[in-house]
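*Asks:* Mind having a look at this structure? Questions to follow.
Laboratory data are not the source of any read-out in this text; all were calculated from the coordinates shown. Keep in mind the model is a prediction, meaning the values are calculated, not measured. Reconstructed Cβ throughout: ideal geometry from the backbone, glycine too, with neighbour counts over all protein chains shown.
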Amino acid sequence: IATTSSCPAVHVTSDDLALIQYTGGTTGTPKGAMITHGNLVSAVAMFDAAIAATSGWRPGRERHIGVLPLFHIYALAGVLLRAVANGETIILRDRFEPEQTLEDIGRGGATFFFGVPTMFIALLEMPNIAEYDMSSLVYCVSGGAPLPGDVATRLAQSIGRPLVVGWGMTETCGAGTLSRSDEF
């Protein structure tokens, strides 16, 4: 129940609609997926459980790189809502810029990076990637599209740990599966 001096109390249940998240799906035709408050809470809990099981997660202390579009369920559930729920920092950028991202990792001490394969490919194509310290990354997730195995291997070598690869869809409110890149 939420209330302020100018608004009456509103009772919200986990089954109440929180948002309509649009997805192009496989047809490209936009469809509105009805996402409840319970869906969002569950998505954050699932990400948290997977992260806790596969990393040295420090709740409340992580610094996320925020370059994914927040209108997409992957960024909404995996980055924004997770970070807010856990009191963590988001280094929010207008768009993905490979050099800026490397600086956010190296000098900014970013510890979590949720991205898509094209972002990781762009990082690996940076001619001076070896000049950046990427050791602060404790959790790196690829989603939104299939990640080529050679890209996963090269990036894991650069950051010193395997990536986590996810698959999901808007209708499942984020990740449906998560696995480490060294497990497939």
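*Asks:* Helix check for the chain. Which DSSP H runs span at least 20 Å along their own axis by Cα, with a mean Kyte-Doolittle hydropathy no less than 0.0? Each step should come with its number before you reach the end.
*Replies:* Details: long enough: 37-54 (26 Å, 1.12).
Correct list, ordered by number: 37-54.
*Asks:* List the trypsin sites (Lys or Arg not before Pro) within the range 1-73 that DSSP assigns to loop and that have no more than 13 neighbouring Cβ atoms inside 10 Å.
*Replies:* Numbers: sites: Lys31, Arg61, Arg63; in loops: Arg61.
Hits after loop and neighbour filter: Arg61.
*Asks:* Starting from the amide H of Ala33, placed 1.01 Å from N in the peptide plane, find each other amide H under 5 Å away whose residue is 5 or more places distant or on another chain.
*Replies:* So Ala33 has HN proximity to Gln21, Tyr22, Thr23.
*Asks:* With the dipole of the chain worked out from charges on the C-beta (+1 for Lys and Arg, -1 for Asp and Glu) around the Cα centre, which of Ser181, Gly108, Thr13 lies farthest toward the positive end?
*Replies:* Farthest towards the positive pole: Thr13.
*Asks:* Along the Cα→Cβ direction, 7 angstrom out, place labels at Glu131 and Ala145. What is the inter-label distance in nm?
*Replies:* It works out to 2.8 nm between the two label points.
*Asks:* Antiparallel DSSP bridges in the chain: what percent, to the nearest 5? Could the numbers behind the result be given before it?
*Replies:* Details: 13 of 25 bridges.
If we restrict to bridges inside the chain, about 50 percent are antiparallel.
*Asks:* Around Met169, which amide H atoms from residues at least 5 apart in sequence, or from another chain, sit under 5 Å from its own amide H, with H modelled in the peptide plane?
*Replies:* Residues meeting the amide H criterion: Gly174, Gly176.
*Asks:* If you don't mind, there's one more thing I want to ask. Whole Å is fine, so just give me how far the alpha carbon centre of the range 67-108 lies from that of the range 140-156.
*Replies:* Taking the Cα centre of the range 140-156 as reference, the centre of the range 67-108 is 17 Å away.
*Asks:* For the range 76-123, I need the span (max minus min coordinate) of the C-alpha atoms along each principal axis, in Å, sorted largest to smallest.
*Replies:* 30, 23, 17
*Asks:* How high is the FRET efficiency between Asp48 and Ala9 when r is their beta carbon distance and R₀ equals 25 Å, given to the nearest 0.05?
*Replies:* On the way: r = 29 Å, r/R0 = 1.15.
Computed FRET efficiency for Asp48 and Ala9 comes out at 0.30.
*Asks:* What residues have an amide H closer than 5 Å to that of Val164, excluding those fewer than 5 places away on the same chain, when H is modeled at 1.01 Å from N in the peptide plane?
*Replies:* Sorted by chain and number, the residues that satisfy this are Cys140, Val141, Ser142, Ser181.
*Asks:* Further question on the same structure: Quick one: what do you get for the range 90-184 if you divide its Cα Rg by 2.2 N^0.38 Å? Kindly include the intermediate steps, with their values, before the conclusion.
*Replies:* Details: Rg = 12.9 Å, N = 95, 2.2 N^0.38 = 12.4 Å.
Relative to the 2.2 N^0.38 Å estimate, the range 90-184 comes out at 1.04.
*Asks:* On to the next question. Kirkwood Rh over Cα pairs of the range 47-131 into Stokes-Einstein at 10 °C, 1.306 mPa s: D in µm²/s? Walk me through the numbers on the way to the answer.
*Replies:* Numbers: Rh = 13.3 Å.
Using the Kirkwood radius from Cα pairs, D works out to 119 µm²/s.
*Asks:* I would also like to ask the following. Which of the peptides 157-168, 110-121 is most tightly packed, and how do the rest follow, going by the mean number of other Cβ atoms within 10 Å of each residue?
*Replies:* Values: 157-168: 18.0, 110-121: 21.8.
Ranking the peptides 157-168, 110-121 by packing returns 110-121, 157-168.
*Asks:* Starting from the Cα coordinates of the chain, work out the convex hull volume and express it per residue in Å³. Don't skip to the answer; put the middle values down first.
*Replies:* On the way: hull volume 25.3 nm³, N = 184.
With only Cα atoms used, the chain gives 137 Å³ per residue.
*Asks:* Let me spell out the model: positive unit charges on the Cβ of Lys and Arg, negative unit charges on the Cβ of Asp and Glu, origin at the Cα centre of the chain. What dipole size does that give, in debye rounded to 20?
*Replies:* Numbers: 11 positive and 17 negative charges, 42 e Å.
Using Cβ point charges on Lys, Arg, Asp and Glu, the chain gives about 200 debye.
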